[in-house]
1. Relative contact order of the stretch 14-199, please, whole-number percent, based on alpha carbon pairs below 8 angstrom and at least 6 residues apart.
2. Sorted by average packing, counted as other Cβ atoms within 10 angstrom per residue and highest first, what order do 56-64, 10-18, 98-106 take?
3. Taking the simple approach of a point 7 Å from Cα along Cα-to-Cβ for both Glu107 and Val18, what is their distance in nm?
4. Once you charge only the Cβ atoms, +1 for Lys and Arg and -1 for Asp and Glu, what is the size of the charge dipole of the stretch 81-204 about its Cα centre, to the nearest 20 debye?
5. Can you give the helix-only mean residue ellipticity at 222 nm for the chain, where every DSSP H stretch with n ≥ 4 adds -39500 (n - 2.57) and the sum goes over all residues, rounded to the nearest 500 deg cm²/dmol?
6. Express the relative contact order of the stretch 57-145 as a whole percentage, based on alpha carbon pairs under 8 Å and six or more residues apart in sequence.
7. Considering only DSSP beta bridges whose two residues both sit in the chain, what percent are antiparallel, to the nearest 5?
8. Pairs of lysines 8 or more apart, or on different chains, with alpha carbons under 19 Å: count those in the stretch 1-130, would you?
Amino acid sequence: MGAAWLSQHGKPPTEADVEDLFAKFIPLQMDVLEEHSRLILSAGHIAENLKSRGLKIGSTTGYTRPMLDVLLASAAEQGYRPEISLCPDDTGGGRPLPWMCLRIALEFKLSSTSAAVKVGDTVSDIEEALNAGMWAVGVAGTGNEIALSAEDFAALPESERYVRLALAREHLKAAGAHYVVDGVAAIEPVLEEIGDRLSAGERP
């Protein structure tokens, strides 16, 4: 990326260049965001089931607040309604800084961040969780590690799906994830195991 910029502009990119590109990117992102905000399969049902068991659901994102508001409205229509959702605009810093996670823990009045589980499908999600002192669960089958829609991923030959999933698991585990699952549908047994470990006095 740096080499391509240097070739085109004759000098390395500056912070001002990055800010300018981001400012131009935001309207483009807003135009397509709702169209591409389909909820991950089972996420809404699982979240509601966890809430019925007394667990609280919060979320963090790297999007801006206007982007997040679009996503939250779309998610609510599809059955996913976290009790609190934060973005870097809310705390002055994004992943892998722990500030969004720490503010959620404060809002939920947790006695310790070790009582929280951060679930995410990127390396920065895992780093955010660890920096906040939380359990980190990586989801290998979605996100940047796979970088395909569910339909495109399913259309791959089985051998290629296997390789991509294996690499995604490896990257998330190498980042420090305590657990890695292939999809959010597998999250509930992991949460139960974490609950047992907490009861036994273990901490992340």
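Read the figures in this text as sums done on the coordinates, not as results from a lab. What you see is a predicted model, and the numbers here were worked out from it, not measured in a lab. Cβ atoms come from the backbone with ideal geometry, glycine included; neighbour counts cover every protein chain shown.
1. Relative contact order here is 16 percent.
2. Final packing ranking: 98-106, 56-64, 10-18.
3. The two pseudo-label positions are separated by 2.7 nm.
4. Charge dipole, the stretch 81-204, about its Cα centre: 360 debye, nearest 20.
5. Value at 222 nm, helices only: -15500 deg cm²/dmol.
6. 23
7. In the chain, DSSP labels about 0 percent of beta bridges as antiparallel.
8. Total qualifying Lys-Lys pairs in the stretch 1-130 comes to 5.
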